[in-house]
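Take a look at the structure below.
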Amino acid sequence: MCGRFVQASSPTLLAEYFDVDELAIADDPTPSWNVAPRAEVLTVVAHDGHRRLGRMRWGLVPSWASDPGLGDRMINARSETVMEKSAFRTAFERRRCIIPADGFYEWQAVGSRKQPMYVTSTTGSPLALAGLWEVWRDARDPEGPWLRTCSVITTTANATMAPVHDRMPVLLEPPEWADWLDREATDLDRLAALLDPAPESTLTMWPVSTRVNRAANDDARLIVREDPLTLFG
C-alpha cells in the first residue's frame with residue numbers, strides 16, 4: 001500500500017518537470033514531508049488537451065457516496081481490481097491523474113516492531129504516482145461545493161520493495177504520461193498494462209526516524225537516514 005508520501009517540491013518545479021500548461025492553485029502550498037490521508041495534494045490532470053496542476057484531497061470519494069468519510073478507505077486502489085470495483089471503475093475509464101511525489105514511506109517488519117523506510121528515485125527526479133480522481137457533491141446540498149479527491153494505484157512489489165512490503169505505488173515513466181492522462185483513451189487494456197511494477201533500478205531506500213509514524217510531525221528531518229540500531233531507543 002501507500003499510506004504516507006512526501007510532496008515538498010515547488011509547484012514551479014513540478015509544472016516544469018511534468019510539462020504543465022496551467023497552475024490551478026491560488027498560492028504555493030506548504031511543502032509536506034509527511035502527507036497523510038485527507039491532506040490536500042498536488043495532482044496533474046488533462047483538461048481540454050492541456051495539463052493542469054491543482055489540488056485534490058487524498059482519499060477518493062466516489063460520486064455515489066453518501067458521506068465523504070468513505071474516502072478514508074480509498075487512499076489506494078489495487079491495480080488488479082481497479083477496472084472492476086465500482087468505486088474506481090469510472091475513474092479509471094475517464095479520470096486518471098498523476099500524483100507527484102519526492103518519495104514515499106513504507107514500514108518493514110523488524111521482529112515485533114516496524115521500521116519506517118524512505119523510498120525515493122535513484123535519479124533524484126520526482127516520482128509520478130499513477131492516480132485516479134473523482135468529484136463529489138453532497139446530494140442533500142445540490143448547490144454546495146464540489147469536492148475533488150484522488151487515490152494512488154498500487155501494484156505488486158518489485159525486487160527492491162519486496163523485502164519491505166508486498167505492495168508499491170504504480171510509477172509512470174515520462175513516455176507513459178500522455179496516454180495515462182488522455183481522457184479520450186478507450187483502450188483500457190493498454191492502460192492497464194502500464195500498472196506493472198517499476199524496474200528495480202528505479203528506487204532506492206533507507207531507514208528513517210520513527211517520528212514519521214505521527215502525521216503531526218512534518219519536517220525535512222523525516223527523510224534523513226537514521227542508524228537502524230538507534231531507531232527504537
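Just so you know, all these numbers are worked out from the coordinates, no wet-lab data involved. Predicted model only: the values in this text are computed from it and were never measured. Because the Cβ atoms are built from the backbone with ideal geometry, glycine has one as well, and the counts that use them run over all protein chains shown.
Estimated purely from DSSP H runs of n ≥ 4, each contributing -39500 (n - 2.57), the mean residue ellipticity at 222 nm for the chain is -2500 deg cm²/dmol once divided by its residues. Here the contact order of the stretch 78-181, divided by its residue count and restricted to Cα pairs under 8 Å and six or more residues apart, works out to 27 percent. Model label points for THR90 and ASP187, set 7 angstrom from Cα along the Cα-to-Cβ axis, are 2.7 nm apart. Packing around the peptides 214-227, 109-122, taken as the average count of other Cβ atoms within 10 Å per residue, puts them in this order, highest first: 109-122, 214-227.
Cα centroids of the stretch 130-182 and the stretch 7-62: 12 Å apart. Contact order for the chain, expressed relative to its length and based on alpha carbon pairs under 8 Å spaced 6+ residues apart, stands at 21 percent.
Largest first, the three principal axis extents of the alpha carbons in the chain are 54, 37, 35 Å in whole numbers.
Just to verify a number: FRET efficiency for ASP141 and LEU13, C-beta to C-beta distance, R0 = 25 Å, to 0.05? Computed FRET efficiency for ASP141 and LEU13 comes out at 0.10.
Here the spin labels are modelled as points 7 Å beyond Cα on the Cα-Cβ line, and at THR81 and ARG211 they lie 3.7 nm apart.
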